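Visitor: Next up is a structure, given as structure tokens.
Any read-out appearing in this document is the output of simple, stated calculations on the displayed coordinates, not a laboratory observation. Just so we're clear, the structure is a prediction, and the values are computed from it rather than from any experiment. So basically every Cβ, Gly included, is an ideal-geometry build from the backbone, and we count neighbours across all protein chains shown.
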Ligand SMILES: *Cc1c(COP(=O)(O)O)cnc(C)c1O
């Protein structure tokens, strides 16, 4: 049986992630950390999510609250999907997100105000564990991008850990400037430094905090720099 283009794309990406992860392990002398592939299905129909699911993909990323709610609540959506929210989040949409039992992570917390709103929304719902969140950092300092400035990531991380008992700080996330083709990518370097600063402030090992960085164009490079969570859309599902 020949594989569909989507299934082939998934296989290719998984093997590239494995190779890049091995390279990172060899470079650092540590065991390669597990790398999670988030299949970014925004603007794509649920049918494509289901196809990826039949080929073993379980983690999916969405950018728009209403689109995520529609897909997650569709009776056809498999019960073992893990949804990551990766878009800009407004405080008034936190209740709609918190309502989704299979929401596993919100990668885009970029203010104390948003953390508080999400914490409050999640606290109202029965959940087996706190909701995993990441601090989104605007490493490229572009006005148009969401994310907290690098200098404020420690304060926000501490706020989440100390003031938001219904949230669990999982790590840090950046999008970066996709037009900056410099190796090593300065946005990824900046996120690695943010993690070191946050880990030091919290008194934990850096590798207890995840790094979400890398998209279709740069996920291999991101994993070679220590990313543990890559968000890949168009390489899996086709151009949007
Ligand atoms: C759309 C999107 C992605 C996926 O981008 P591709 O280039 O299609 O892989 C990843 N992260 C975020 C935050 C996005 O909005």
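Visitor: By per-residue mean of other Cβ atoms within 10 Å, what is the highest-first order of 216-224, 173-181? Please report the intermediate quantities before stating the final value.
Guide: Details: 216-224: 21.1, 173-181: 18.0.
Result, highest mean Cβ count within 10 Å first: 216-224, 173-181.
Visitor: Can I ask one more? When a footprinting reagent is the concern and you count Cβ atoms within 10 Å, what order do 212, 234 take, fewest first? Mind showing how you got there, number by number?
Guide: On the way: 212 29, 234 14.
Lowest count first: 234, 212.
Visitor: Can you give me the relative contact order of the chain as a percent, contacts being Cα pairs under 8 Å and 6 or more apart? Let's see the in-between values first.
Guide: Numbers: 427 pairs, mean separation 48.1, N = 240.
Relative contact order for the chain comes out at 20 percent.
Visitor: Rg and Dmax of region 96-240, Cα atoms, in Å?
Guide: Answer for region 96-240, Rg first and Dmax second: 15.1, 45 Å.
Visitor: Thinking of region 4-75 as a set of Cα atoms, what percent of all their pairs are more than 22 Å apart? Don't skip to the end; give the middle numbers.
Guide: Details: 906 of 2556 pairs.
Summing the P(r) of region 4-75 above 22 Å gives 35 percent of all pairs.
Visitor: Now for a separate question. With runs of 4+ DSSP H residues as the only contributors, calculate the mean residue ellipticity of the chain at 222 nm using -39,500 (n - 2.57) per run, divided by the residue total and rounded to the nearest 500.
Guide: Working: 9 runs with 97 residues, N = 240.
Computed mean residue ellipticity for the chain: -12000 deg cm²/dmol.
Visitor: Averaging over all projection directions, find the projected area of the Cα convex hull of region 1-122 and quote it in nm² with one decimal place. Don't skip to the end; give the middle numbers.
Guide: Details: hull surface 37.4 nm².
Mean projected area of the Cα convex hull: 9.4 nm².
Visitor: Once label points are set 7 Å from the Cα along Cα→Cβ at both residue 88 and residue 102, what is their separation, rounded to one decimal in nm?
Guide: Label-label distance for residue 88 and residue 102, simple model: 2.8 nm.
Visitor: Sorted by average packing, counted as other Cβ atoms within 10 angstrom per residue and highest first, what order do 112-119, 10-17 take? List each step's numbers first, then the result.
Guide: On the way: 112-119: 19.8, 10-17: 16.2.
Peptide ranking by packing, descending: 112-119, 10-17.
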